[in-house]
Amino acid sequence: MTETTTATVKIARSYRDYSAPLWRRVLLTRESAVIAALLIVILVASLSVDHFASPITMTYLLLDITPILLIALPMTFVIITGEIDLSVASTVGLSSVVLGTLHQGGMPIELAAVAALVVGALGGAINGFLITVVGLPSLAVTIGTLALYRGLAVGLLGTTAVTDFTEFWKDLAKSKIGDTGVPSVMILFLVLAVLFAVLLHFTRFGRGVYAIGLSPEAALFSGVRVQRTKFILFVLTGTVSALAGIYYTLRFGSARGDNATGLELSVIAAVLLGGVSIFGGRGSLHGVIAGVLLIGTLGSALRLASVTSDVINIITGLLLVASVVSTSVLAWLGKRRARQGNTARNAPAAPQ
Amino acid sequence: MTISPPAVGHAALELRGVSKSFGSVVALSSGSLRLENNSIHALIGENGAGKSTIVKIIAGLYQRDSGEFLLDGESCDFSSTAQSKAAGIAVIYQEPTLFPDLSVTENIFMGRQPTRSLGRIDRRLMREEAVGLFRRLGVRIDPDRPTLGLSIADQQIIEIAKAISLDARVLVMDEPTAALSGVEVERLFAVARSLRDEGRALMFISHRFDEVFDLCDTVTVMRDGEYIATSPIAETTVDELVRRMVGRDVTNLFPKEVAPLGDDVLVVKNLSQPGVFHDVDFTVRAGEIVALAGLVGAGRSEIARAVFGVDPYSTGTVAINGKRVPRRNPGASMQLGLALVPEDRRKQGLVLESSVARNTTMAIQRTLSRFGLLLSSRENEAARQWASRLEVKTAALDTEVGTLSGGNQQKVVLAKWLATKPSVLIIDEPTRGIDVGTKAEVHRLLSELAGTGLAILMISSELPEVLGMADRVLVVREGRITADIARADATAESVMLAATQSSPAPTKEAVR
Amino acid sequence: MTNATASAPVSHRILQALGGVAKARETGILVALVLVVIAATAKNPNFLFSTDGFRDLLLTPSILLLVAVGQAIVIITRNVDLSVGSTLGLTAYLTGRLFIDIPGIPIVLVFLIGLLFGGFLGLINGALIAFAKVPALVITLGTLYIYRGINVWWTGSDRINASDMPKDFLALGTKTLLYIPVLTIIAVVVLIAAGWYLRNQRAGRELYAIGSDPAAAHLYGLKVTQRVLVAFVVCGALAGLAGVLYSARYGTVNSQAGSGFELEAVGAAVIGGVAIFGGSGTVWGAAIGAYLLFTINRALPILGVPDFWQRAVVGVLIIGAIVLDRLLALRQTRKLTEARDND
């Protein structure tokens, strides 16, 4: 009896790079939906809300959401790996306090800023250590460090605030690029955004982040250093949060222990809205940035239209709920269609 | 205690011509089975023969596409596991799923706890019943302890206790002995026999012929999703069963060509990890295919994972081409030329939701990067090259790898590792869950690779594969290497002997 | 009959000792609570022995207790409810509004409405989570925003003042029965009911099973969707009840009432031994955790630590609790596995 084989003639196989045409790949995504929503909001607001389309509105809008924009960058990575960091706002507060206290104590502001960054990185490292080495769940750990870092911030400064920052720095924080109305701090943000985008989409490290989110076991078996990657991400989050804290302090000219309380929820809401899945493994930065801008723009437009700030909260919440529920519903519809059509698209692989 | 027999003429459970497909993949084309009361019925077949599909249909996890499913003569259609349970069917899996935080007693009675007034759970009564169940089974397990940390053997007993408390008439045991030691197997068999004597119908799925001949009275063979034959154990032999399982003369299936053997490439010395494996010593030369044979649960995959660096080991050394491989560091192992195609393709070998291109290039990202940057165009190029070399069947490179067939998935995993141009390839269950055609392709590929000087360590539970492909067979039993058999001396008997330290299945044995 | 490989004397003894671990946790924090009270009272006898001091120690944390108990129930099923603070605030405001807009409304009715309203808000959460299969973290984050937003919008620039509420209701906030505040009694009654239910009713045990291994629970045929839904309804209802108590206790209610309670409730539960991944822990532990958090808060200034450091102490406690849990779990697994290997 001879062996059973497929045809011995080797057919040279060719593969398409992509299974769907470019327009489908780009347009039929969560990110495109968010970007479209953003554009619609901008359009509608420019037409119907007085003063919305003026440069000064954009200035204040961007100045306001800069901390969220900054922190959303590393937070995206963290959530893609399937973890979460609730302590970011407390790190903002802590770095603000460190900056203020050291500066008040005589240290030049540049040095104090570096110290604040180091404190932020340290906070991230503690999170990272507890999560990767001790093996604790990130939700619980960062609830704990949320309290701890905020507590340290408030403890260090009490109820007082440090306000003697030089005009130079305060103005720098609020300065704009020429006549455009775009704040100069946007340059800082753009640089970071590009760096993070490159890191996520064009490096091994970034590939590893996605792999960890989709299948930590397979990632480990392929040589991805899972623990080290997660640790680095938490350190990055801590550092960027500290950076946001420095900006926040200088912009308002006041270092307080309770600065930016509650910010973590805005960041996470924006990241999730921007298409990053809470289950991990999916998402990209452009969607997240659009998500932050969407929430910020909506808030700004509503404020100008004299709608009270609570409505923006309701809308943010509704958007958040709608975005995750719709993903779930779409997935369910997809499975049903596959079952009925009996195609191989979503079928479980043949049992072993 | 005996349970009332069914109406005369009806088998406890019967399947006739059952089929099941998933999209274009046919898992079962015609499954047939007839379980009688007072009997333990073995179901055997190679991986991919359709056994687990049958089990899942019986359990209510899948719905059959066609054919008849009769329970006690009546047709049934279970749309959920709860329904099949209610109908009196219990399935004991290899990996029982219990609630780790809850006590043994609660696990048995969850959802059905005995109650007193006000709906209060009667814990004393519940505990008494649990103790009674264990007494009936002849086992001693502390009913109050949490199930966390219990051995698989004990967990299976608890599952059986659950089944009995539900008064299951049909018990299916899916490869229950895979992770059990000799003593635990004996205990399980004693329990099974007593259940049989009470009038229940049992089904026993296993790869181990000695167990099948020891425990069962009837055996059904399946192959490639089809029912082949049923016979009483007393009237058949291992050879006949193997022939039915494989469907062809075994020796010609695996075309291992003779290859010139080179130097020692992989040298493992004194590898030990307490509780898992001990004093593991072996070498693999360039061009050699060394097989690690043994029963499932013997520790082979653990050894492989430790060598590669995913699992820890406490003592011993691993060296490739003379260089020490640091422990617990897969990245370093990869750099030194080691590759591992893991046992669990879907969870360890692939990122199922990622594309073919990404999965294929996952291990060579470093070489594809320029100045630290990785472009998907380069990934696609490399993926195209390797996927076509292995003839992976997919429409596009960005197809999710989870949608490919088992055989093609395995090819992607192979492509991923071959792309790293390794010196040593460890491959764990190379053809598990793969169709016959792809199986032959994989074997031919491995043979070719050995011919080019690759050192291959192959773990396999399929004896024919081991005997056909290996230059040497290392047999592992309970974490130790008990035999090093050269190709010429390797036979089913010699390997099984070393793997179980008991004589191979007798050809005739009185049914107990 | 074969002799089984389980329950040899060694493992049994270890298990007896370890079985006490769970109960040891509640005892442990109770002891910690007592120690804190003793230390603070030693420094300043008024901490405990003044009528106001004693009453306040029992009274104020009872609000957090209710929220923590509800949160614990949800966490046990391997979920979380971040919207409880907003639910509390919204219900507190509703309470005030009811008294203002419907003069003479019976107090009992207000309690009932508060409970039902909270339960309704919880139902929204539960329905989305149980049916749409979306993670609780995200949904309750969303409803945290939505409910708080509704609260702020409804409140407007207003705020409920103590003078708006009926005297009887406010009196409830400070009335005591045998030296124990009435509100505390209410909270403790709820606690006992919840504790009893979770321990002695099938549905209660199923909550633990669902949290311990959701996949196994499904395979088992447990009504997972239903149970999770009910857990969220109860959590919301308890937060609603806490809102009513809040109004009674403080009299003044603004739109930020309850802000931050959700994280404190999670903290209390975690400190109390409720595992964040579900499947274990008790509402008793969460309740003691709530009291411990509050009492430490109060005790710190007396012990010479400026109360600015209070949050930091809370943070350390939470981290300490989960590290301790992890170490104990590792030790337990190792001991149980060794016992098994030695049998």
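Coordinate-derived values only; no laboratory data. A quick note: this is a predicted structure, and the numbers were derived from the prediction, not measured. Virtual Cβ from ideal backbone geometry, glycine too; neighbours counted across all protein chains shown.
In table form, for the structure just shown:
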item	result
GNM result for chain A, Cα springs below 10 Å: residue of A:Ser284, A:Ser328, A:Ser96 fluctuating most strongly	A:Ser328
Of B:Lys51/B:Lys162; B:Lys20/B:Lys393; B:Lys20/B:Lys411; B:Lys56/C:Lys133; A:Lys230/B:Lys56, those spanning more than 30 Å from alpha-carbon to alpha-carbon	A:Lys230/B:Lys56
Packing-based exposure ordering (other Cβ within 10 Å, fewest first) of B:Asp101, A:Asp50	A:Asp50, B:Asp101
Net charge contributed by nearby residues that have their C-beta within less than 15 Å of C:Gln71 (K/R +1, D/E -1)	-2
Charge dipole magnitude, Cβ of K and R +1, D and E -1 - the protein assembly as shown, Cα centre, debye nearest 20	1240
On Cα atoms only, tilt of A:204-214 relative to the major axis of chain A in degrees	70
Average other protein chain Cβ within 10 Å of Cβ, residues A:227-239	0
Restricting region C:123-159 to trypsin sites (Lys or Arg not before Pro) in coil, as DSSP defines it, with at most 11 other Cβ within 10 Å	none
Estimated distance in nm for a label pair at C:Ile100 and B:His10, the labels positioned 7 Å out from Cα along Cα-to-Cβ	7.0
Qualifying aspartates and glutamates (Cα of each under 15 Å from Cα of A:Lys174; at least 8 residues distant if same chain)	A:Asp64
Environment charge at C:Ala329 (Cβ cut-off 13 Å; Lys +1, Arg +1, Asp -1, Glu -1)	+3
On Cα atoms only, tilt of A:55-80 relative to the major axis of chain A in degrees	50
Selected from A:Gly181, A:Gly257, A:Gly296 as most flexible by GNM, with chain A as the system and alpha-carbon contacts under 10 Å	A:Gly181
Order of A:Ser241, A:Ser32 - criterion: other Cβ atoms within 10 Å of each residue's Cβ, fewest first	A:Ser32, A:Ser241
Net length gained if the chain between A:Tyr60 and A:Ser184 were fully extended (0.36 nm per residue, minus Cα distance)	43.4 nm
Kirkwood Rh, Cα atoms: Rg over Rh of chain C	1.01
Residues A:Ser14 and C:Asn297, FRET efficiency given R0 of 51 Å [Cβ-Cβ distance, rounded to 0.05]	0.15
Length-normalised contact order for chain B - Cα pairs under 8 Å, 6+ apart - percent	16
Where labels lie 7 Å past Cα in the beta-carbon direction, separation of A:Val114 and C:Arg199 in nm	6.0
Overall Cα dimensions of the protein assembly as shown - principal axes, largest extent first, Å	94, 74, 55
Gain upon complete extension [B:Leu261, B:Ala396; 0.36 nm per residue less C-alpha separation]	44.7 nm
Proxy reagent accessibility, fewest Cβ within 10 Å first, across B:Ile485, A:Ile109, C:Ile102, B:Ile303	C:Ile102, A:Ile109, B:Ile485, B:Ile303
Per-q log10 I(q)/I(0), region A:29-325, q = 0.07, 0.16 Å⁻¹ (Debye; single scatterer per alpha-carbon; no solvent)	-0.26, -1.32
Residue mean of other protein chain beta carbons inside 10 Å, A:323-331	4
Per-residue mean of C-beta atoms belonging to partner chains within 10 Å, peptide C:204-212	5
Calculated FRET value between A:Leu192 and B:Asp279, using beta carbons and R₀ = 45 Å, to 0.05	0.25
Total charge dipole magnitude, region A:29-325, about the Cα centre, Cβ charges on Lys, Arg, Asp, Glu only, Debye to nearest 20	580
Computed E for C:Thr174/C:Asp307 - FRET, C-beta separation, R0 25 angstrom, nearest 0.05	0.60
Tail fraction, Cα-Cα pairs, chain B, threshold 38 Å, whole percent	32
Reachable lysines from C:Lys335, criterion Cα separation under 25 angstrom, eight or more residues apart if same chain	C:Lys23
Total charge dipole magnitude, chain C, about the Cα centre, Cβ charges on Lys, Arg, Asp, Glu only, Debye to nearest 20	520
Chymotrypsin sites (Phe, Trp or Tyr not before Pro) within region C:220-317: DSSP coil, no more than 16 neighbouring Cβ in 10 Å	C:Phe277
Where only C-alpha atoms are counted, convex hull volume of region B:349-421 per residue in Å³	76
C-alpha long axis of helix B:406-418 to longest principal axis of chain B, angle in °	30
Computed [θ] at 222 nm, deg cm²/dmol, the protein assembly as shown (DSSP H ≥ 4; -39,500 (n - 2.57); rounded to nearest 500)	-18000 deg cm²/dmol
Radius 14 Å from Cβ of C:Ala193, net charge of other residues (Lys, Arg +1; Asp, Glu -1)	+2
Farthest positive-ward along the protein assembly as shown dipole, Cα basis, beta-carbon charges - from B:Gly437, C:Ile129, A:Ala197	A:Ala197
Contour minus Cα-Cα distance for C:Val31 and C:Gln256 (0.36 nm per residue)	77.6 nm
Cα-based convex hull volume of region C:195-343 per residue, rounded to whole Å³	160
Within the protein assembly as shown, percent of DSSP bridges classed antiparallel, to nearest 5	55
Pair-distance profile P(r), taking every C-alpha pair of region B:347-386, with 5 angstrom steps and integer %	5, 26, 33, 20, 12, 3, 0
Proximal aspartates and glutamates relative to C:Lys175, as straight alpha-carbon distance under 12 Å, when same-chain residues fewer than 8 apart are discounted	C:Asp52, C:Asp56
